[in-house]
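This report concerns only the one structure given below.
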Amino acid sequence: MRKKIVLSLILSCALNAGTYTMYAGSVESDAKSVIASDNVMIFHNSNVYRAKKAVFDKKIKLLKLIGDVTVINKNSTIKSDFINIKLDKDTLKSGKFFIFDTQSGLWLRGSEYFDQNKDIHIIKNSEVSSCNIEKPDWKILFKKAEFNEKQEFIYLYSPTFYFKNKPVFALPWFAFPTVRKRKSGLLRPEFGVKVDSGFIYMQPYFYAPSQSWDVEFTPQIRTSRGVGLYTTVRFADTPYSKGKVTFGSFYDKDSFVLEKSLKNSSHYGYDISYESHRFFDKFLKKDSYKDGLWLDFHYLNDIDYENLKNMNIKSLNKLVTSRFNYFLKRDRDYIGLYAKYFIDTDKENNDDTMQELPSFQYHRFTTNLPLKNLTYSIDYKVKNDYRKKGLNATLHEINLPLKLDIPLFSNYINFSISENLYYSKIYYRKRDGGLIKDLKYFSNYHKFIVSSDLTKGYKDFIHNLQLEASLQVPSFEDKDGDIADFISINKEEKNLKLSANQYFYNYDNFNYLTLRTSQTIYLDRDEDRYSDLYNEIIYKFSRKFTIHENIDYSNKYNKVKKVQSTLDYEDDFYDFSLSHTYQKAPDVDYVDYLTASLKFKLNQGYEFESSLDYDIDKSLTKSWSAKLFRDKGCWNYSIKYKESITPIFTSGGVKSYKNKGLYFLVNFANIGGISYEYTQDDVTDSGVKDE
């Protein structure tokens, strides 16, 4: 029968060590010591100790565990021939040992382990890895390591990295986290070579003083161009909101400025983004109101501030847009406050660039009136168009539709009539002596809709048919004043819109076939009475294989205007997509374009990916890439080659970059990784050299 001893004597001697409960087949005790043997188990807090034998020295408060010792706690397992535990200091020492960290998957094996204190643990002459224990693909050998439990970091001294049991490189010092969470320290560097910039090196440093905010500093050097620093602050001020502020600058060498004829030798700016799903949560009734705020603000002195943020050049619009959106809503009402600010990077200044500062919207969702089936909604908007130089305006507009729904023939057909009232008032400012007159505009139109939504089950499938005919008839229009070239108001035409949608399902509720078509007829036009006829077909051979076809037929030119065909296949091993777009008509740009992507899994953790963007009209490959990825569990690597042509706005004008890049990335589980990028750019002022 196993014996259980609560070591009250140990408790009295161990100060704050807590209660140790021991089970053993045999226990002997005298004035100096307690000796336990035969399958010893000791429980202390969340730790479990197992050993063949345990000896407690009462005088020096030392517990010795001897023979096949195992220590199991919440996050790790330790195995050793012997372990000594100093109870008054709650520290541990062992001989040859093996430690496995269950959180990170890392293991350590070495000759000696001891605790400097309860938070800092010293390891000597050891190796660490997260791969197979018997034959690890990679490992790090070191003379000494310090594991800081409070910081959750391991510091290695004189480490040598081995790959496939061969030394690759050695460092005087190396550190890495033991858990997968945010930690301060150096991030993986980026480096590469570009024709314009020379050798590029970026070394981010991550500072995380709190779980609610952090800072990332990214200094960079481009040997042929200059140096720069970008800084990003991220924060989460509530459980429902987060934000980010980025600011930075880059300074070009004088020789580079002269060679490229740049208008600025320094490129600087800042970006502010913030979003909140409960901005005024403290002041609102949670069950009745919801609100939200979204801010995305940008300032820069030229577009190269954006182009130099990262290693890879982005394709950017020359017009940089900042936005502010706030909304407040309840069941039937919605209020919005918006603003837009534009920076045209082609201009010396933006005094004549039109800004929307601000705009306001009130919307009343569809609401029932006392008369059965009669509903209304309201939409009111105010927009302030502002610029320092030139004509300004404030636009007020209101839409008020009244709708009556009349179900017919036992709801097989629905007939609706709506009266739509529209009013707009525009006040102009800064006329600068011009004769433009404030505008008052009122109109209304009638709308008649006949629709039907029918579903019928057959032997092998279910058919859903949705038909709709919508007739829109302008009724009254009154205009007093002028419409500036930047003002748009609602002007409706008399038209008839016909649409038909069909959905086919099997009895597993799988929608295997979809057919959609629509056509608008403008009844008062002498020419171009018929809009393009739109057709869409989606056929799913299975849940894995889909064909999607969009066809636009031009009634004006009596020909197919646009055809877009897409084929998709995806299963557990293959992911393939092929898309072709053909567009040709006098009123649109000619397009004949092919895109394709392929991804498939191979044996032994390999994956292959490739993509292609090909302009058939110009016989030009816009971009293509091929990537090989392998996951070995404890480490992975990828090799990628990519060529692309990117039009981009720079401070030196519009250019096209034909970029060729080779990318290599290796990641070691819980340690980090290294990446290498070699790119070569072929730069032209407009177009591409090869054309």
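The values are calculated or read from the model by the stated rules, or taken from the named source; none is laboratory data. Since this is a predicted model, take the numbers as computed values, not measurements. Quick reminder, even Gly has a Cβ in these numbers, built from the backbone with ideal geometry, and neighbours come from all protein chains shown. Areas reflect the complete protein model, heavy atoms only, side chains present, ligands, DNA and RNA absent. Shrake-Rupley method; radii C 1.70, N 1.55, O 1.52, S 1.80 Å.
Near the amide H of residue 178, within less than 5 Å, lie the amide hydrogens of 153, 154, all on another chain or at least 5 residues away, with H placed in the peptide plane.
Beyond 13 Å, how much of the Cα-Cα pair distribution for the stretch 194-235 remains, as a whole percent? Here the long-distance tail beyond 13 Å is 57 percent of all Cα pairs in the stretch 194-235. Dipole size of the stretch 24-119 about its Cα centre, with +1 on Lys/Arg Cβ and -1 on Asp/Glu Cβ: approximately 100 debye, rounded to the nearest 20. In terms of the Cα gyration tensor, with a ≥ b ≥ c the square roots of its eigenvalues, is the stretch 285-429 rounded because a/c is under 1.5, prolate because a/b exceeds b/c, or oblate? Prolate, because a/c is 1.5 or more and a/b exceeds b/c.
Taking a label point 7 Å from the Cα of residue 490 along the Cα→Cβ vector, which residues of the stretch 349-368 have an amide N closer than 17 Å to it? Under cut-off, by backbone N: 360-367.
The residues packed around residue 377, meaning those with a beta-carbon under 10 Å from its beta-carbon, carry a net charge of +2 if Lys and Arg are +1 and Asp and Glu are -1. If you plug the beta carbon distance of residue 365 and residue 286 into 1/(1 + (r/R0)^6) with R0 = 25 Å, you get a FRET efficiency near 0.80. Here the stretch 338-420 is described by how far its Cα atoms reach on the three principal axes: 67, 24, 18 Å, from widest to narrowest. Under 5 Å between amide hydrogens, built in the peptide plane, is the criterion, and for residue 224 it picks out 198, 199 among residues at least 5 positions away or on other chains.
Taking 1.567 mPa s as the viscosity and 4 °C as the temperature, the Stokes-Einstein diffusion coefficient of the stretch 194-317 based on its alpha-carbon Kirkwood radius rounds to 77 µm²/s. Have a look at 176, 73, 611 and report the one farthest towards the positive end of the charge dipole of the chain, computed about the Cα centre with Cβ charges (Lys/Arg +1, Asp/Glu -1). Highest projection toward the positive end goes to 73. Its alpha carbons give the stretch 167-242 an Rg and a Dmax of 16.2, 49 Å. Using the alpha-carbon positions of the chain, Rg (one decimal) and Dmax (whole number) come out as 35.8, 115 Å. In the stretch 66-177, inverting the average of 1/r over every pair of distinct C-alpha atoms gives 14.4 Å as the Kirkwood radius. The Cα trace of the stretch 44-112 gives Rg and Dmax of 12.1, 39 Å, the first to one decimal, the second as a whole number. How big, in percent, is the set of alpha carbon pairs in the stretch 538-644 lying more than 21 Å apart? In whole percent, the share of Cα-Cα pairs in the stretch 538-644 beyond 21 Å is 52. Charged side chains reduced to their Cβ positions (Lys and Arg at +1, Asp and Glu at -1) give the stretch 210-338 a dipole of some 300 debye around its Cα centre.
One decimal place: the segment residue 168-residue 438 gains 89.5 nm when fully extended, by the rule 0.36 nm per residue minus the C-alpha distance. Model label sites at residue 240 and residue 508, defined 7 Å from Cα along the beta-carbon direction, differ in position by 4.2 nm.
A simple charge model with +1 on the Cβ of Lys and Arg, -1 on the Cβ of Asp and Glu and nothing else charged puts the dipole of the stretch 183-284 at about 100 debye relative to its Cα centre.
Each residue of the stretch 352-369 is assigned a 3J(HN,Hα), and the resulting list reads 9, 7, 6, 10, 9, 9, x, 9, 10, 9, 10, 10, 9, 5, 3, 10, 6, 9 Hz, derived from the Karplus form 6.51 cos²θ - 1.76 cosθ + 1.60 (θ = phi - 60°), x at Gly and Pro. Considering only 633, 573, 319, the residue lying farthest towards the positive end of the dipole of the chain is 633, judged by Cα position with unit charges set on Cβ. Residue by residue, the stretch 576-593 carries 3J(HN,Hα) couplings of 10, 9, 9, 9, 10, 10, 10, 9, 7, 6, x, 9, 9, 5, 6, 9, 9, 9 Hz when phi is fed to the Karplus relation 6.51 cos²θ - 1.76 cosθ + 1.60 (θ = phi - 60°); x denotes Gly or Pro. The stretch between residue 453 and residue 664, if pulled fully straight at 0.36 nm per residue, gains 70.4 nm over its current Cα-Cα span.
Projecting the Cα atoms of 376, 27, 338 onto the dipole axis of the chain, where Lys and Arg carry +1 and Asp and Glu carry -1 at the beta carbon, places 27 farthest toward the positive end.
Each stretch of four or more DSSP H residues adds -39500 (n - 2.57); spread over every residue of the chain, this sum gives -500 deg cm²/dmol at 222 nm. Tell me, how many Å apart are the Cα centres for the stretch 203-224 and for the stretch 114-189? One Cα centre to the other: 23 Å. Protection proxy ranking, highest mean first, for peptides 119-129, 457-467: 119-129, 457-467, where packing is the per-residue count of other beta-carbon atoms within 10 Å, averaged. Apply 1/(1 + (r/R0)^6) to the Cβ-Cβ distance of residue 254 and residue 294, taking R0 = 41 Å, and write down the FRET efficiency to the nearest 0.05. E(calc), rounded to 0.05, equals 0.50. Karplus-based coupling profile of the stretch 532-540, in residue order and whole Hz: 5, 7, 9, 9, 9, 10, 10, 10, 10, with θ = phi - 60° in 6.51 cos²θ - 1.76 cosθ + 1.60 and x standing for Gly or Pro.
Of the cross-linked pairs 544/599; 340/642; 181/244; 388/425; 440/494; 559/622, which ones have a Cα-Cα span greater than 25 Å in the structure shown? Long pairs (Cα-Cα over 25 Å): 340/642; 559/622. Average accessible surface for the chain: 57 Å² per residue, computed with a 1.4 Å probe over protein heavy atoms with every protein chain in place. Modelled spin labels at residue 475 and residue 616, positioned 7 Å past Cα toward Cβ, are 5.0 nm from each other. Here the accessible area is traced with a 1.4 Å probe on the protein chains. For the chain, carbon and sulfur cover 54 percent of it. If the label point is 7 Å along Cα→Cβ of residue 143, which residues in the stretch 167-189 have backbone nitrogen under 20 Å from it? Residues passing the 20 Å test: 167-176.
Can you give me the long-range amide H partners of residue 481? Hydrogens built in the peptide plane at 1.01 Å from N, cutoff under 5 Å, separation of 5 or more residues or another chain. The list, which skips near neighbours in sequence, is 440. The aspartates and glutamates whose alpha-carbon is closer than 13 Å to the alpha-carbon of residue 124, local same-chain residues fewer than 8 away aside, are 112, 115, 146. How many angstrom lie between the C-alpha centres of the stretch 349-410 and the stretch 39-84? The two parts, judged by their Cα centres, are 75 Å apart. Once both labels are positioned 7 Å from their Cα atoms along Cα-to-Cβ, the gap between residue 596 and residue 205 label points is 4.9 nm.
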